[in-house]
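S.K.: Let me begin by handing over the structure; questions about it come next.
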Amino acid sequence: MLNKTLIAYHGTLSKYSNKILEDGFKLPQISTTHDHWLGHGVYFFDNFLYADNWAKRKCRAFHDSKSTDVVLQVKICTDSYKIADFDLPGETQKYNEAIENYDKKISQSRKFTSFGKGLNKCDKKFKQKIEKRIDCFYHDLYAKENDLGFAMRTFHKASPLLDTKQNRHSLSHGSYMEYSEKQICVYKLECIVDVLIYDSEVDGIC
């Protein structure tokens, strides 16, 4: 079976990057209260600029003067049949067909009641938050049943580089290009190799 290798980028803070370089990445603990959009795994972007922007925003949000924004570049490698590319119609159809079976598993599982843990039922976004948690659960099941090394998908959303007013203007202006970013979720740590700090001034921006 053909082997596939991708170059990917992970935005983080310097206090975390040092530990990653020493000990490697860690998978998050699985929980039905999480709403990770591709399931539980380590997330990467396919482009340096997206990872760099994410790291800069997190650095500002944490107000951590002792840390700087860092982008790690990695190689992700696995057999081609262990990859789910949700930009491909065939993979999307396969996933959607699996949802019917997952619905049955959720209804038969005690975990069903825990999807609402910690949420306020009076919250206007309560249903939306539940759906996101269930979607995370679906992706975990799909990854496990198909023995996936990683999955990837392009997300179309409001640009994090613009404020709310600018995003509204861009949506109403036909000349604006739609913002999108491709993200990669790695389920198996052995797929991640050659981790290093990416220096855009030395390596160039891609």
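S.K.: Principal axis lengths of the range 3-203 from Cα atoms, whole Å, largest first?
M.R.: The Cα atoms of the range 3-203 stretch 53, 44, 37 Å along the principal axes, largest first.
S.K.: Taking the dipole about the Cα centre of the range 1-133, with the C-beta of Lys and Arg at +1 and of Asp and Glu at -1, give me whichever of W37, L6, T78 is farthest to the positive side.
M.R.: It is W37, whose Cα lies furthest towards the positive end.
S.K.: If the limit is 19 Å between Cα atoms, which of K56/K129; K26/K56; K26/K75; K144/K188 go over it?
M.R.: Result: K56/K129; K26/K56 exceed 19 Å.
S.K.: Here is a follow-up. With only Lys, Arg, Asp and Glu charged, each at its Cβ (+1 for the first two, -1 for the last two), find how big the charge dipole of the range 3-203 is about the Cα centre; round to the nearest 20 debye.
M.R.: 1160
S.K.: How many percent of Cα pairs in the range 1-118 exceed 16 Å?
M.R.: The calculated P(r) of the range 1-118 puts 74 percent of pairs beyond 16 Å.
S.K.: Can you work out the Karplus-derived ³J(HN,Hα) for every residue in the range 55-69? Use 6.51 cos²θ - 1.76 cosθ + 1.60 with θ = phi - 60°, whole Hz, and x for glycine or proline.
M.R.: After applying 6.51 cos²θ - 1.76 cosθ + 1.60, I find 5, 5, 5, 5, 5, 5, 5, 7, 6, 9, 6, 8, 10, 10, 6 Hz.
Rule-based calculations on the coordinates, nothing more; no lab input. Just so we're clear, the structure is a prediction, and the values are computed from it rather than from any experiment. With ideal geometry, Cβ positions are generated from the backbone for all residues, glycine too; neighbour counts draw on all protein chains shown.
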